[in-house]
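Okay, so here's the structure we're looking at.
The values are calculated or read from the model by the stated rules, or taken from the named source; none is laboratory data. Computed from a predicted structure; not experimentally measured. All Cβ positions, even for glycine, are placed from backbone atoms using ideal geometry, and neighbour counts span all protein chains on display. Remember, those area values only see protein heavy atoms, side chains included, never the ligands or the DNA or RNA. Shrake-Rupley method; radii C 1.70, N 1.55, O 1.52, S 1.80 Å.
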Amino acid sequence: MGRDAPILEFDPDPVAVFEPHHVIDATPDAPKRAVLCFFSHVIDGLRDAGAPVLFELTAAHGVHPVYGVDVAGEQIGVFHPGVGAPLAGAFLEEAIAHGCRKFMAVGTAGGLVPELTMGHVVVPTAAIRDEGTSYHYLPPGRSAAPSSEAVRALTDALDHHDISYVTGSTWSTDGFYRETRKKLERRVAQGCLTVEMEASALFAIAQFRGVPLAQVLTTSDDLSGDEWDDSGWGRDKDLRSVLFDAAAEAVCTL
């Protein structure tokens with residue numbers, strides 16, 4: 001019965017009815033490298049420090065500025081991609097249309113295993129595709145993977161900053177209020193360390209568009225116990241700032 005689900009009707013035609021470049025004009029001198037930063041306090045800090053706005057990404061709910069940040073003598077773009085695969089994926093598409101070509105992402109996730117609860121760092125090497133966006137970019141399948149080149153650059157930067165991390169799979173889901181116990185146990189059995197909402201879509205879009213992208217996550221809530229523990233939300237701002245610095249350094253080495 002599920003074989004008739006429209007989400008499985010992948011069309012390999014690389015050209016859509018309208019493409020990002022139909023609605024986005026390339027930005028002169030747009031940075032070739034950018035960081036998708038899910039940490040609002042980092043974005044707010046850039047704004048408050050007077051970072052220049054290079055261009056804007058606009059959706060129905062409002063505007064997401066792309067700030068210019070100097071890293072190792074080069075200006076990179078930094079923006080909040082929004083929450084959820086469709087919005088984050090659309091903003092990645094539009095950043096590419098503006099002229100960005102190399103990417104890192106940095107954000108939070110829920111920890112699924114007891115040894116990786118709040119405050120740990122994970123670099124996904126695969127993402128279970130339990131969201132809808134990736135199925136419009138890649139044929140149906142269980143997982144999507146980041147660029148191996150980008151993962152190496154990211155782990156090198158984390159090592160340089162002396163940040164402990166693990167690598168492994170993450171679970172990307174659209175239904176954060178439908179993370180049932182049975183699904184959690186299944187994902188852990190499949191090797192997932194974390195759960196979030198965007199990684200598999202970002203990996204799929206980056207693969208489709210031929211741009212390198214990797215992501216680093218820090219666990220901010222704990223789903224490994226009998227009850228959900230969200231006491232990590234809003235904590236570890238120092239760690240999050242360091243992770244952003246590492247991601248910014250990593251994208252400059254691509």
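Summary table below
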item: Unit Cα scatterers, Debye sum, segment 1-63: log10 I(q)/I(0) for q = 0.28, 0.29 Å⁻¹; result: -1.33, -1.34
item: Cleavage-rule hits (trypsin sites (Lys or Arg not before Pro)) in segment 153-254: DSSP loop, at most 10 neighbouring Cβ within 10 angstrom; result: Arg178
item: Debye log10 I(q)/I(0) for segment 59-166, one point scatterer per Cα, at q = 0.10, 0.15 Å⁻¹; result: -0.37, -0.86
item: Rounded accessible area per residue of the chain, 1.4 Å, Å²; result: 47 Å²
item: Efficiency of FRET from Cβ geometry, Ala5 and Thr167, R₀ 30 Å, rounded to 0.05; result: 0.45
item: Evaluated at q = 0.18 Å⁻¹: base-10 log I(q)/I(0), Debye formula over Cα of the chain; result: -1.49
item: DSSP beta bridge pairing in segment 1-110, given as percent antiparallel to the nearest 5; result: 60 percent
item: Dipole-positive endmost among Thr108, Ser200, Gly50 within the chain (Cβ charges, Cα centre); result: Ser200
item: Length-normalised contact order for segment 1-128 - Cα pairs under 8 Å, 6+ apart - percent; result: 30 percent
item: Mean separation of Cα contacts under 8 Å, 6 or more apart, over the residue count of segment 98-181: relative contact order %; result: 40 percent
item: Enclosed volume per residue, in Å³, of the convex hull spanned by Cα atoms of segment 63-109; result: 90 Å³
item: FRET efficiency, 1/(1 + (r/R0)^6) with R0 25 Å, evaluated for Asp174 and His61 via beta carbons; result: 0.90
item: Solvent exposure ordering (accessible area, 1.4 Å, most first) of Glu185, Glu19, Glu94, Glu74; result: Glu185, Glu74, Glu94, Glu19
item: Net charge of Cβ neighbours under 9 Å - reference Glu131; Lys, Arg +1; Asp, Glu -1; result: -2
item: Length gained when the stretch Ala189-Val53 is fully extended (0.36 nm per residue, less Cα-Cα span); result: 44.6 nm
item: Carbon + sulfur, % of accessible area of segment 79-184 - ligands and nucleic acids excluded, 1.4 Å; result: 52 percent
item: Rounded to 5, percent antiparallel among DSSP beta bridges of the chain; result: 40 percent
item: Hull shadow area, averaged, segment 203-254 [alpha-carbon convex hull, nm²]; result: 5.0 nm²
item: Viscosity 0.890 mPa s, temperature 25 °C, Stokes-Einstein D of segment 110-214 from Kirkwood C-alpha radius, µm²/s; result: 174 µm²/s
item: Theoretical gain in end-to-end length, Ser241 to Ala26 [0.36 nm per residue, Cα-Cα removed]; result: 74.4 nm
